[in-house]
Amino acid sequence: MSGKMHDGALLIVGVGGIGCRWAKSAYSGLESTVELLLVDADEESFEQSPDASTVHIGPDDVKQGILPEISSSWAREYAHVFSRMLERAELVLIVTGLGGGVGGGASVWIAEQARSSGALVVTIAGLPFDDQVSRMRWARLSRPRLESASHATIGISLSSLAQRSVKRGVPWQNGGGWVSSLVGGLVRTQARMGVINLDLMDLRTILAQAGRSTVLVGEGMAVDAERIFRSAFDAPLERIDIGNAAACLLHIEGGSSVSLGDFDQIAGAFTRGLHDNCNVIYGASIDKEMSGEVRVIAVLSGL
C-alpha cells in the first residue's frame, strides 16, 4: 500500500487493470476535488499516478488469470487499510471491469465495505465484448452481487465503447471520454458551486429507488436543447428505457451567457419523456469558461 488519503469526501476507486486505467483518466482535471485509490494485482496499473493511493493485492508474480473469489480474498487481507480510506468518504465512485479477475471479485468486496461505512456507492462497470463468451458468463455471475453492494451500477458495453471510440478517433482503453464524463458529471453535482445546489441527500433520494440506475451526460450549445438531449444517448451504455424512471436528478451546467429560458428549454428536453409521477430534482451551476455551451448530467433510477 502506498500514498496517503486526505480528508476529501469524494473518492474514485479504480479496481483491476481496466478499472485503474479508466479511474486515472477520470481523475485528470479533478485533482483538487476528489481523491484517487487504485487497487490491482499488477503494479503496472499504478504507473504515472504519483498522487494516487495504491493497494497491491495478491502475490507479486500474479498478473492475470485470477478468479474473482481469489481477488476478493486478497482484498480482504487489507481490510484495515480500506477501512481507514473509506471512513471519511461520503461518495465513492468505483470504476472496474467485469468478466473475471480482480474487477469481478475485489470490486464487489470494496463496494460492500464502502456502503457499510455509510458512503453512497456508485459503480461504473465495463462489460465484456460481445464475442467474449467466457468473460460474459463471469460478468453475469458478478454483476448481481455488485448491484446489491452498490447504490447504483452503470454498465458500459466494451463493444459499443470500442465502436464509438473509433468514430471519435480516441482509444477505448482510456474510456473513450465517456467514463471521464460520467465520473466528472457525478462529481460536479456534488461540488456545491451551483445556482441551485444539489447535495448528497438529493443524490441519495434519487438512488434509493428500487431497480437499475444510469447516468446520462449531454453537451452542446444552449440554443439547441434537442441536440444536447440526443448527444446524451450517443454513449456506450446499456439500452435502457428511461420513460419508466421513478426518479431523476438533473444538473445543468452552463456559461454566464446562458439564460433562464435556455435552462428551462434544456430541462424540458430531458424530462419530457419521463412518467408524470417521476420525482425530478433540479440543480444548476455557472461555469464562466463554458460561454454559450451547456453540460447536462441526468441521474435516473428505478428503471
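The values are calculated or read from the model by the stated rules, or taken from the named source; none is laboratory data. Keep in mind that this is a model prediction, so the values were computed, not measured. FYI the Cβ positions are ideal-geometry reconstructions off the backbone, even for glycines, and counts take in every protein chain you see.
Here is how the numbers come out for the structure above:
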| item | result |
| --- | --- |
| Any chance Leu216 is more than 30 Å from Pro128 (Cβ to Cβ), in contact with a Gly (Cβ under 9 Å, 6 or more places away or on another chain) and surrounded by 15 or more Cβ atoms within 10 Å (Cβ to Cβ) | no |
| The stretch 148-173 - residue that is more than 21 Å from Val102 (Cβ to Cβ) and among the polar types (S, T, N, Q) and, of those, surrounded by the fewest Cβ atoms within 10 Å (Cβ to Cβ) | Gln163 |
| Residue count for the stretch 213-242, restricted to those that are modelled with pLDDT of 80 or more and among the aromatic types (Phe, Trp, Tyr) | 1 |
| Qualifying residue in the stretch 155-170 (condition: of a type outside the set (A, V, I, L, M, F, W, C), free of Cβ contacts under 8 Å to residues at least 40 places away in the same chain and within 24 Å of Gly58 (Cα to Cα)) | no |
| From the options Arg137, Arg143, Arg168, residue that is basic (Lys, Arg) and closer than 23 Å to Asp241 by Cα | Arg143 |
| Verdict on Met85 being of a type outside the set (Lys, Arg) and surrounded by fewer than 21 Cβ atoms within 10 Å (Cβ to Cβ) | no |
| Strands (runs of 3 or more DSSP E) wholly inside the stretch 230-303 that include at least 2 residues being farther than 28 Å from Gly175 by Cα | 279-286 |
| All positions within the stretch 97-119 that are more than 9 Å from Gly16 (Cα to Cα) and small (Gly, Ala, Ser) | Gly99, Gly100, Gly105, Ala111, Ala114, Ser116, Ser117, Gly118, Ala119 |
| The stretch 130-182, residues that are of a type in the set (Ser, Thr, Tyr), within 23 Å of Arg212 (Cα to Cα) and over 15 Å from the mean Cα position of the chain (by Cα) | Ser142, Ser148, Ser159, Ser160 |
| Any hit, the stretch 125-147, residues being at pLDDT below 90, touching an Asp or Glu at 6+ places or on another chain (Cβ under 8 Å), crowded, with 21+ Cβ neighbours inside 10 Å and not assigned by TED's automatic domain parsing to the domain that holds Ile242 | no |
| Search result, residues across the stretch 120-140 that are of a type in the set (A, V, I, L, M), without any contact (Cβ under 8 Å) to a residue 60 or more places away in the chain and more than 21 Å from Gln173 (Cβ to Cβ) | Val121, Val133 |
| Hits in the stretch 59-69 - residues which are free of Cβ contacts under 8 Å to residues at least 40 places away in the same chain and buried (at least 18 other Cβ atoms within 10 Å of the Cβ) | Ile66 |
